[in-house]
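Written below as structure tokens is the structure these notes are about.
The values are calculated or read from the model by the stated rules, or taken from the named source; none is laboratory data. Since the model is a prediction, treat every value here as computed from it, not as a measurement. Note: ideal-geometry Cβ built from the backbone for every residue, glycine included; neighbour counts use all protein chains shown.
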Amino acid sequence: MNAPPKGLGKLRIEVDSDSVFFGHSVPIEIRDSRMRLVEHAASEREFKLPIGLYQVSAILEDGQEHTELVKISQGDTTTTRIGPFEQEPLASKVLTERPTGSHRYKAPRFTQRVETIDETEMEPAAEGIEVQLLDVQGAKMVRDTRTLWIFECEDAVDSVPAATVKVGDTTTVVSLPTSPGGGPTPNLCAVRVEKTTTGVRATSWISPERTVANALQNMLASGRLPHAAQMADEATELLRDKYSDPTGATLGALILHKVGRLNRLQSWVENLVNDFGWIPDAKILLAVMLFDDRSDLAGALELATQASQQRILYAECYSILLDLLRRWPEEYEWELRVPSLMALTEQSSYVDWESICLTVRREEDDDA
């Protein structure tokens, strides 16, 4: 004899986010008490479910998975709020089995809003280490602590802004993901001294005021490329709207390239190249497109060589450019590729590959 069906209740989910886009478009997963996925929805926020315990989870703008444990009762509507600022998820106290593919490691990320920064604070990882901001190009500092600097782009730039920071005996030049203009808030970014797996380093971050771009960087830093790609795919219109955040848009393009979804947006990348020639990363991504479909090898090489002579914004784009020049047909324009290839190869050993924004150690530190 079959068991009688369970009664139903309604679950209403509210996403606590400063971004309307995230609040309404972030994917939600619902798992039952045996951690089986019962619902996955991008925009739906109300569900009818059999009575019982459920775990509600979402990857939010801090790049981390946030969960809530809810109990569905027959005939009742249960409302739960999920946001990026909860502490330890309640579900971890009851549902100990984690779904396949979940992440335990929490990579460094940046979620601290400018107005909340305590100017006397110091990153614990940097205690006892001398930290200095030596120089800034293309940006101006708007706020700082002993180990954190907030930058706003200058009104006119002809190259990717950068900051030179000395941490202990190591001096690095850090590309700044900021650009002129912006919407209601300026395109702020931060350089923070923090502990990485290879020691204490200076790293660059998109500020949380730029909600979508900051979320993409946090997701990428946390190793959640599929979620970042889904967000970038859905946020394409938002990122390119009036080009209010070209460095954020370029990060979205990079993420889509990494998952093979950028080719259909070639005209958008061409516009980034034409309108923001000071961001070489767009040239690199367009060069790869032209090379891969063999539609314009001469144009691809011109873009690649131009980009090699500029300060690159994202470390992954540096790697993509180096790989592109290495796999070019041996007989094609060898004399044009050699200088670019040699310069990139020589500098690659000084690149901090853990950082999303290109961070390069100054060579003279090796001679000290």
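Points to keep in mind about this one:
- Identity of the residue in region 285-306, in a helix (DSSP H, G or I) and of a type in the set (D, E, K, R), that ends up surrounded by the most Cβ atoms within 10 Å (Cβ to Cβ): Glu302
- Matching residues in region 150-170 - criterion: being in contact with a strand residue (DSSP E or B) (Cβ under 9 Å, 6 or more places away or on another chain) and farther than 23 Å from Glu316 by Cβ: Ile150, Glu152, Glu154, Lys166, Gly168
- Looking only at residues of region 336-353 that are touching a residue at least 12 places away in the same chain (Cβ under 8 Å) and not in a helix (DSSP H, G or I), we find that the one that is surrounded by the fewest Cβ atoms within 10 Å (Cβ to Cβ) is Trp353.
- Test: residue in region 236-244 that is in a helix (DSSP H, G or I) and either in contact with a strand residue (DSSP E or B) (Cβ under 9 Å, 6 or more places away or on another chain) or under 24 Å from Gln137 (Cα atoms) (or both): yes
- Ala282 meets the stated requirement of being closer than 28 Å to Gln137 by Cα and either part of a helix (DSSP H, G or I) or in contact (Cβ under 8 Å) with a residue 24 or more places away in the chain (or both).
- Filter result for Leu8 (touching a helix residue (DSSP H, G or I) at 6+ places or on another chain (Cβ under 7 Å) and at pLDDT 70 or above): no
- Qualifying residues in region 266-279 (those that are in contact with a helix residue (DSSP H, G or I) (Cβ under 7 Å, 6 or more places away or on another chain) and part of a helix (DSSP H, G or I)) - the one farthest from Ser319 (Cα to Cα): Asp275
- Failed item in (1) among the aliphatic types (A, V, I, L, M); (2) over 25 Å from the mean Cα position of the chain (by Cα); (3) at pLDDT below 70, with Val70 passing the rest: (3)
- Single residue of region 149-188 satisfying the filter (acidic (Asp, Glu) and part of a loop (DSSP other than H, G, I, E, B)) that is farthest from Arg210 (Cα to Cα): Asp169
- Any hit, region 354-361, residues being within 24 Å of Ala202 (Cβ to Cβ) and free of Cβ contacts under 8 Å to residues at least 40 places away in the same chain: no
- Meets criteria (without any contact (Cβ under 8 Å) to a residue 24 or more places away in the chain, more than 26 Å from Cys189 (Cα to Cα) and either hydroxyl-bearing (Ser, Thr, Tyr) or in a loop (DSSP other than H, G, I, E, B) (or both)) for Glu330: yes
- For region 137-148, taking the residues that are in a loop (DSSP other than H, G, I, E, B) and under 15 Å from Val200 (Cα atoms), the one that is modelled with the highest pLDDT is identified as Thr147.
- Residues in region 308-335 that are surrounded by fewer than 16 Cβ atoms within 10 Å (Cβ to Cβ) and among the hydrophobic types (A, V, I, L, M, F, W, C): Trp334 only.
- Region 41-54 - residue that is closer than 15 Å to Glu14 by Cα and in contact with a Pro (Cβ under 8 Å, 6 or more places away or on another chain) and, of those, surrounded by the fewest Cβ atoms within 10 Å (Cβ to Cβ): Ala42
- Odd one out for Ser175 among (1) modelled with pLDDT of 95 or more; (2) farther than 28 Å from Gly260 by Cα: (2)
- Residues that are surrounded by fewer than 24 Cβ atoms within 10 Å (Cβ to Cβ), among the hydroxyl-bearing types (Ser, Thr, Tyr) and outside any loop (DSSP other than H, G, I, E, B) within region 189-210 comprise Thr196, Thr203, listed in sequence order.
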